[in-house]
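Bear in mind these aren't lab numbers, they're just calculated from the coordinates by the rules spelled out. All values reported here derive from a predicted model rather than from experimental measurement. Using ideal geometry, Cβ is built from the backbone for each residue, glycine included, and neighbour counts are taken over all protein chains shown.
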Amino acid sequence: MRKFKIAEKTFELESQAVKEQIKHLDLNFDKAVSLIKNCKEHVVVMGLGKSGLIGRKISATMSSIGIPSVFFHLAEGLHGDLGMLIKDDIVMMLSYSGETEEIKKVLPILKKMKIKVIAMTGRPQAQVWQNIESVINCGVEKEACPYNLAPTSSTTAMLAMGDALALTVSSLKGFKREHLAMLHPLGTIGKKLNMQVRDLMRKGKQNPIVKYTATVEHALFVMTGTRIGATSVVDNRGKLIGFFTDGDLRRHVQSNEKILKENIMSVMTKNPRVVMPGMMAVEAAEILKKYNIDNVPVVDKNKIPLGILDQGDLLAEGIG
């Protein structure tokens with residue numbers, strides 16, 4: 001279909017534009033990394049139009065990974081907002097052409113304020129950039145627009161370059177998973193970074209457990225009462241020795257019509273996989289996915305069952 005061909009062409013052109021940015025990783029990129037890494041205040045991202053929209057995203061990305069940043073609208077800035085800037089800020093200017101009047105007016109002011117400037121542009125040779133600290137080339141060969149006019153490939157490439165710059169600086173500053181967790185306390189990211197197995201495991205009456213002496217019939221009764229298709233099996237000391245699921249039942253019932261009267265030990269999975277309550281929920285989700293299991297017992301260091309983690313509960317929280 002023609003509409004698919006247009007979409008495919010768009011993906012091809014924009015992905016190629018992003019890949020081409022690798023050749024722009026030069027001394028200017030290195031200088032920009034150093035400037036941002038050593039910035040004592042904020043990285044102030046400036047832009048107009050489509051470049052401004054990309055700038056907002058880059059600024060937001062920086063702030064979310066430990067680089068204090070704000071977005072500054074150039075047009076509004078020239079009507080009083082320049083007062084928010086201080087000497088130790090770093091300005092990152094986004095403009096593909098570099099020919100806007102607002103940029104030509106604001107750069108001399110930044111120079112007087114002794115604020116260092118990084119440019120991200122498709123025309124690094126433009127006269128307006130001649131006296132700034134770093135000019136990162138984000139040029140592309142062709143826009144995805146059929147008329148090679150509407151900003152498409154160029155904005156995608158600029159966004160990718162901004163991500164590359166932000167992630168490079170963040171890594172050099174030693175930004176860790178725990179820092180990311182602190183900055184993202186809510187939402188899906190927050191859950192993935194902060195939620196532990198203990199926060200999601202079913203416990204108490206919702207944690208099915210039977211002794212090793214139980215019959216399969218009794219185990220099914222306990223499982224049905226908790227609406228979880230599995231139960232932990234323990235010895236006389238309450239230590240986990242097995243795990244029985246409705247999947248185990250289906251596998252055995254085909255060859256044994258009297259399975260309900262069988263001892264649970266004859267059909268349970270011995271030495272099952274387990275997780276600990278302090279494990280991150282996202283890590284536990286990976287275990288369930290890797291071994292294609294729906295639930296897993298949660299145990300303490302002595303292998304005493306504390307709860308059961310169900311895949312459905314993980315998915316309900318957007319994890320998994």
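Given a Förster distance of 22 Å, report the FRET efficiency between LYS57 and GLN16 from their Cβ-Cβ distance, rounded to the nearest 0.05.
Calculated value: 0.55.
As I understand it, the dipole of region 197-316 uses +1 on the Cβ of Lys and Arg and -1 on the Cβ of Asp and Glu, about the Cα centre. Which of GLY312, ASN302, ILE287 lies farthest toward its positive end?
ASN302
Which of the trypsin sites (Lys or Arg not before Pro) found in region 230-309 are loop residues per DSSP with 11 or fewer other Cβ atoms within 10 Å of their Cβ?
ARG237, LYS258, LYS301
Read through the labelled values (i) -0.51, -1.03; (ii) -0.72, -0.98; (iii) -0.57, -1.12 and report the label of the one computed as log10 I(q)/I(0) by the Debye sum over Cα atoms at q = 0.10, 0.14 Å⁻¹ from the structure.
Answer label, from the structure shown: (ii).
Helix 281-290: angle to the longest alpha-carbon principal axis of the chain, degrees 0 to 90, nearest 10?
70 degrees
Once you place label points 7 Å from the Cα toward the Cβ at VAL253 and SER97, how far apart are they in nm?
My value for the distance between the label points is 7.2 nm.
Where the only charges are on Cβ atoms (+1 Lys, Arg; -1 Asp, Glu), what is the dipole of region 2-91 about its Cα centre, to the nearest 20 debye?
About 440 debye.
Take the chain, connect every pair of alpha-carbon atoms lying under 10 Å apart with a spring to form a Gaussian network, then pick out the residue of ASN236, ASN295, ASN137 with the largest mean-square fluctuation.
Looking only at ASN236, ASN295, ASN137, the largest GNM fluctuation is found for ASN236.
Mind checking which of ASN148, ASN194, ASN38 has the largest fluctuation in a GNM of the chain, springs on alpha carbons under 10 Å?
So, out of ASN148, ASN194, ASN38, the one fluctuating most is ASN148.
My understanding is that a pair violates if its Cα-Cα distance is over 29 Å; which of LYS31/LYS114; LYS31/LYS57; LYS19/LYS50; LYS205/LYS239; LYS5/LYS142; LYS19/LYS112 do that in this structure?
LYS19/LYS112
With the cut-off at 1.5 for a/c, could you classify region 1-105 from its C-alpha gyration tensor as rounded, prolate or oblate?
Working: a/c = 2.21, a/b = 1.59, b/c = 1.39.
Because a/c hits 1.5 or more and a/b exceeds b/c, region 1-105 counts as prolate.
Applying 1/(1 + (r/R0)^6) with R0 = 35 Å to the Cβ-Cβ distance of LEU260 and ASP235, what FRET efficiency is obtained, to the nearest 0.05?
Values: r = 22 Å, r/R0 = 0.64.
After rounding, the FRET efficiency stands at 0.95.
List the trypsin sites (Lys or Arg not before Pro) within region 94-179 that fall in a DSSP loop (any state other than H, G, I, E or B) and whose Cβ has at most 15 other Cβ atoms within 10 Å.
In loop regions of region 94-179 (DSSP not H, G, I, E or B), the sparsely surrounded trypsin sites (Lys or Arg not before Pro) are LYS114, LYS142, LYS173, LYS176.
Quick check: residue separation of LYS270 and ILE6 times 0.36 nm, minus the Cα distance between them. What number comes out in nm? Don't skip to the answer; put the middle values down first.
Details: separation 264, 0.36 × 264 = 95.04 nm, distance 5.54 nm.
So the extension gain works out to 89.5 nm.
Assigning unit charges at the beta carbon (Lys, Arg +1; Asp, Glu -1) and nothing else, what dipole magnitude in debye, to the nearest 20, does the chain show about its Cα centre?
So the magnitude is around 600 debye.
Note the angle between two axes, namely the Cα long axis of helix 27-37 and the longest principal axis of the Cα atoms of the chain, as a number of degrees from 0 to 90, rounded to the nearest 10.
Tilt relative to the chain: about 70 degrees.
Report, by chain and number, residues whose modeled amide H sits under 5 Å from the one on VAL135, excluding near sequence neighbours (fewer than 5 apart, same chain).
Amide H to amide H, under 5 Å and 5 or more residues apart or across chains, VAL135 pairs with ALA119.
Starting from region 1-97, pick out the trypsin sites (Lys or Arg not before Pro) whose DSSP state is loop and whose Cβ has at most 15 other Cβ atoms within 10 Å.
Numbers: sites: ARG2, LYS3, LYS5, LYS9, LYS19, LYS23, LYS31, LYS37, LYS40, LYS50, ARG56, LYS57, LYS87; in loops: LYS40, LYS87.
Hits after loop and neighbour filter: LYS40, LYS87.
Out of GLN206, PRO108, MET62, whose Cα points farthest toward the positive end of the dipole of the chain (charges: +1 Lys, Arg; -1 Asp, Glu; placed on Cβ)?
Working it through, the farthest residue towards the positive pole turns out to be GLN206.
Taking the chain as the reference, fit the longest principal axis to its C-alpha atoms, fit the long axis of helix 101-112 to the helix C-alpha atoms, and give the angle between the two in degrees, 0 to 90, nearest 10.
The helix 101-112 is inclined about 90 degrees to the chain.
Given R₀ = 22 Å, what would the calculated FRET efficiency be for ASP81 paired with LYS40, taking r from the Cβ atoms and rounding to 0.05?
Calculated transfer efficiency: 0.60.
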